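Structure first, commentary second.
The values are calculated or read from the model by the stated rules, or taken from the named source; none is laboratory data. Keep in mind the model is a prediction, meaning the values are calculated, not measured. We place every Cβ from the backbone using ideal geometry, glycine too, and count neighbours over all the protein chains shown.
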Amino acid sequence: MTWLELYGRALAADEAAAGYYNRNVGVVTPDGKVNVRIPLAAADVMDVRLWREEEVLSRIGPYVGRVPELRHVSDEPRFQVHHFIEGQVLDSFSPRGSAVPDNVLSDVVALMDQLVRIPQEKAPQVPDHWPNSGDSSGFGRLLAGLTRDVHATYRDEYREAFAELGIPADPLAVVEPRWDSLTSRPFAVLHADLHRKNMIVADDTTWFLDWELALWGDPMYEIGIHFHKMDYPEDQRAAVFERWRELLPARYTVGPVDDLDLYVAHERIKSAIVDTVRYSKQLAAATRSQRDFLIGRLARKLNTARRLWDSPPDLTPERVADILAPWREA
């Protein structure tokens, strides 16, 4: 079977796992099962994108063991082939907000430690405009700049919805002055998308998927966005943070908890904006149960952000559904 034939089988498959940027299809070949990863052409880019995923996988392999093995890359048509990892997606037995097995916590912190030990010259190249290592404030502003761009892109189309949902005209004003206060830390390779759907657990070992959003940046951001997306119970969040500070070299973890809180606050604001747009676009094609799930989840995200904006966190799913009715009925 050629790589193009493999791609054709994946393209025609009915069953696939899709994120925001890629469609993943498991295909059985004479040499074993593989995962064919096909970009979604119509995906709206709402995250900072620095490297191509195959660049990351090829560079981090000698330093990080539990990542997909890259088998093939095609530019035209665009797709990748990874080895298929058998196991359970963490979210399938430990959904967001619930406790995570202790071995997974250890594996997450071990991964973060492995990543900071990759020398910069072994990582993919960063563009000239990228903040220099140690410029944590510049890195934070870079992240916020993308969030500001997303808000500006959809501001006119969603003006009434944003206002009714409580998203301010300048949603980043509450974090903007705080970037100057960030502690300088040396940069490292970051996964930047470590959440329960990107982890597969097999034989008490955790594998880490989806490296398309990997960055070169402040390690405090890695654990901040991880906490935002994992939604750990408070005791586990504290345990992960303690292990992180104990295991990683101190120069990567130095700084007050305020630095962590700032990154988390930014992600909560970004999530309220981005997911209002993403979820609204999914409503028309969603089933009733899917719509209820999306609207309920968005209400929680918006209420979390509203606390940062000093607004009452009193949006109900019913109110969110009414505000997004034009998209639901499209």
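Odds and ends about this structure:
- Among the candidates V73, V104, V67, V34, residue that is at pLDDT 95 or above, assigned by TED's automatic domain parsing to the domain that holds R148 and not basic (K, R): V104
- Residue identified as among the small types (G, A, S) and either under 19 Å from V189 (Cα atoms) or surrounded by fewer than 20 Cβ atoms within 10 Å (Cβ to Cβ) (or both) among A250, A272: A250
- No other residue among A192, A123, A202, A163 is of a type in the set (G, A, S), within 18 Å of V45 (Cα to Cα) and assigned by TED's automatic domain parsing to the domain that holds T304 apart from A192.
- Those residues of region 225-240 which are more than 17 Å from F93 (Cβ to Cβ) and surrounded by fewer than 23 Cβ atoms within 10 Å (Cβ to Cβ), in sequence order: F227, H228, K229, E234, D235, R237, A238, A239, V240
- Residue check for D44: of a type outside the set (G, A, S) and either surrounded by 15 or more Cβ atoms within 10 Å (Cβ to Cβ) or under 20 Å from the mean Cα position of the chain (by Cα) (or both): yes
- Scan of region 1-34 for residues that are among the polar types (S, T, N, Q) and more than 26 Å from the chain's Cα centre (by Cα), ordered by number: T2, T29
- Residue identified as under 30 Å from N103 (Cβ atoms) and over 17 Å from the mean Cα position of the chain (by Cα) among P119, P131, P127, P177: P119
- Matching residues in region 1-26 - criterion: being among the β-branched types (V, I, T) and under 13 Å from R71 (Cα atoms): T2
Results for (1) among the hydrophobic types (A, V, I, L, M, F, W, C); (2) in a helix (DSSP H, G or I), shown as yes or no for each residue.
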| residue | (1), (2) |
| --- | --- |
| Y20 | no, no |
| K33 | no, no |
| A42 | yes, no |
| E55 | no, yes |
| G65 | no, no |
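- Highlighted here are the helices (runs of 4 or more DSSP H) found entirely within region 238-330 that include at least 3 residues which are hydroxyl-bearing (S, T, Y): 257-283.
- Condition met for R307 (surrounded by fewer than 20 Cβ atoms within 10 Å (Cβ to Cβ), basic (K, R) and in contact (Cβ under 8 Å) with a residue 12 or more places away in the chain): no
- Of note, R141 does not satisfy the criterion of being within 23 Å of the chain's Cα centre (by Cα), outside any loop (DSSP other than H, G, I, E, B) and within 19 Å of K301 (Cβ to Cβ).
- Selected residue (only one of R71, R49 is closer than 25 Å to V201 by Cβ, touching a residue at least 12 places away in the same chain (Cβ under 8 Å) and surrounded by fewer than 19 Cβ atoms within 10 Å (Cβ to Cβ)): R71
- Hey, S92 surrounded by fewer than 17 Cβ atoms within 10 Å (Cβ to Cβ) and part of a loop (DSSP other than H, G, I, E, B) or not: no
- Taken over region 147-176, the criterion of being in contact with a helix residue (DSSP H, G or I) (Cβ under 8 Å, 6 or more places away or on another chain), under 30 Å from A188 (Cβ atoms) and surrounded by fewer than 17 Cβ atoms within 10 Å (Cβ to Cβ) is satisfied by V174, E176.
- Residue in region 184-191 that is surrounded by fewer than 18 Cβ atoms within 10 Å (Cβ to Cβ), within 14 Å of G140 (Cα to Cα) and not hydroxyl-bearing (S, T, Y) present: yes
Residues are listed down the side, and each one gets a yes or a no for (1) hydrophobic (A, V, I, L, M, F, W, C); (2) under 27 Å from W216 (Cα atoms); (3) at pLDDT below 95:
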residue: R23; (1), (2), (3): no, yes, yes
residue: V45; (1), (2), (3): yes, yes, yes
residue: L50; (1), (2), (3): yes, yes, no
residue: Q80; (1), (2), (3): no, yes, no
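- Among the residues listed as V34, V56, the single one being under 16 Å from F84 (Cβ atoms) and of a type in the set (V, I, T): V34
- Residue count for region 196-235, restricted to those that are under 16 Å from D107 (Cα atoms) and of a type in the set (G, A, S): 1
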